[in-house]
């Protein structure tokens with residue numbers, strides 16, 4: 001099959017178009033889409049310092065390289081989180097470092113073990129030992145958001161870029177809609193909290209309209225160093241896996257479904273702005289970060305984790321997962337970066 005823009009052989013067919021592109025025109029199509037959302041939603045202002053959260057996976061690496069290319073006059077810095085998961089995060093951070101070096105970008109690495117006193121591996125083991133209802137993704141997500149925002153503030157960033165792609169957003173929309181979490185649903189979108197609030201760095205998502213498979217292909221074609229081996233060994237219990245499977249099935253049956261969900265949500269979003277927030281932002285009484293409660297969720301979690309005490313023995317990720325085998329999660333696809 002020929003490329004729809006030239007006579008070269010197409011390397012990819014996108015059924016939602018349908019579109020058929022050779023490598024050159026797929027790369028052009030992909031980058032133009034990122035440029036468009038960046039321009040249409042006015043992500044950046046002149047002279048702003050941009051921080052990019054880089055895990056080392058395909059999404060964050062593509063976001064880093066494209067924003068560097070699209071916004072050459074802006075100062076860009078990188079932020080990476082080391083949760084402390086053997087055989088996983090250390091390899092991903094190695095890939096992030098390769099990109100920082102290639103692009104000559106300053107960066108900061110935050111380690112859970114230093115900030116919390118426990119690695120994510122220890123936290124998950126304690127969670128299973130105590131029988132807590134929260135899964136590992138709940139703890140990790142809360143801590144990651146806190147420490148990425150803190151690092152962005154410390155580095156003087158005006159905007160924070162995350163690598164959330166179209167699939168991530170569709171899953172989040174469905175999760176919050178089906179669980180009747182309208183307040184959280186209202187906070188979704190390509191831009192988060194763009195109004196200036198002391199203590200919070202506004203977030204933007206340049207891959208908001210880019211499907212996950214296309215992000216992976218773009219990273220491969222561009223030869224960007226990125227981690228694409230095993231996913232997080234603790235992701236099997238994430239609720240997100242259920243919604244991932246659901247929307248993937250819908251997309252396979254009716255191509256364009258994911259794009260349709262995004263378009264519908266963006267049309268609906270203005271009507272969600274009147275949903276009252278559960279509480280006003282105030283400084284956390286423990287750490288000082290903004291929260292709608294007296295104590296932020298990260299500090300609540302940290303207190304519980306530290307209250308368990310030191311583990312007699314740290315198990316491997318495989319041994320920890322064996323502690324919590326669940327028939328409800330077996331066979332579900334894993335969440336990948």
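Over the chain, what is the relative contact order in whole percent, taking alpha-carbon pairs under 8 Å and six or more residues apart? Numbers along the way, then the final one.
On the way: 507 pairs, mean separation 69.0, N = 337.
Over the chain, the number comes to 20 percent.
If you find the alpha carbon centre of segment 209-226 and of segment 3-25, how far apart are they in angstrom?
16 Å
Using a Gaussian network model of the chain whose springs link C-alpha atoms within less than 10 Å, name the residue from 296, 287, 231 with the highest mean-square fluctuation.
So, out of 296, 287, 231, the one fluctuating most is 287.
Looking at the chain as a GNM with Cα springs under 10 Å, which of 133, 258, 108 has the largest mean-square fluctuation?
133
How many angstrom lie between the Cα centre of segment 27-99 and the Cα centre of segment 174-189?
25 Å
With everything on Cα atoms, drop me the angle between helix 297-308 and the longest principal axis of the chain, reported from 0 to 90° to the nearest 10.
Once rounded, one gets 50 degrees.
Based on the Cβ-Cβ distance of residue 4 and residue 290, what FRET efficiency does E = 1/(1 + (r/R0)^6) give at R0 = 51 Å, to the nearest 0.05?
Numbers: r = 48 Å, r/R0 = 0.94.
FRET efficiency, residue 4 to residue 290: 0.60.
According to a simple spin-label model (label point 7 Å from Cα along Cα-to-Cβ), what is the distance in nm between residue 213 and residue 242?
2.5 nm
List the residues of segment 116-138 whose backbone N lies under 13 Å from a point placed 7 Å from the Cα of residue 306 along the Cα-to-Cβ direction.
From segment 116-138, the list is 116-118.
How far is helix 89-103 tilted, in degrees, relative to the longest principal axis of the Cα atoms in the chain, given as a value from 0 to 90 rounded to the nearest 10?
The answer is roughly 50 degrees.
Compute the FRET efficiency between residue 16 and residue 73 as 1/(1 + (r/R0)^6), taking r as their Cβ-Cβ distance and R0 = 41 Å, and round to the nearest 0.05. All intermediate terms of the calculation are to be shown ahead of the outcome.
Values: r = 34 Å, r/R0 = 0.83.
Computed FRET efficiency for residue 16 and residue 73 comes out at 0.75.
Angle between the Cα long axis of helix 240-253 and the longest principal axis of the chain, 0 to 90 degrees, nearest 10?
20 degrees
With 10 angstrom as the radius, rank 7, 179 by how many other C-beta atoms surround their C-beta, starting from the fewest.
On the way: 7 7, 179 11.
The most exposed by this proxy come first: 7, 179.
Order of 182, 160 from fewest to most other C-beta atoms within 10 Å? Numbers along the way, then the final one.
Values: 182 13, 160 22.
Listing 182, 160 from fewest to most nearby Cβ atoms yields 182, 160.
Between 224, 112, 28, find the one with the highest GNM mean-square fluctuation for the chain; connect C-alpha pairs within less than 10 Å.
Comparing 224, 112, 28 in a Gaussian network model of the chain, the most mobile one is 28.
Throughout, read-outs are computed from the coordinates displayed, never taken from laboratory work. Note that the structure is a prediction, hence the values are computed from the model and not measured. Ideal geometry is used to build each Cβ from the backbone, glycine not excepted, and the neighbour counts take in all protein chains shown.
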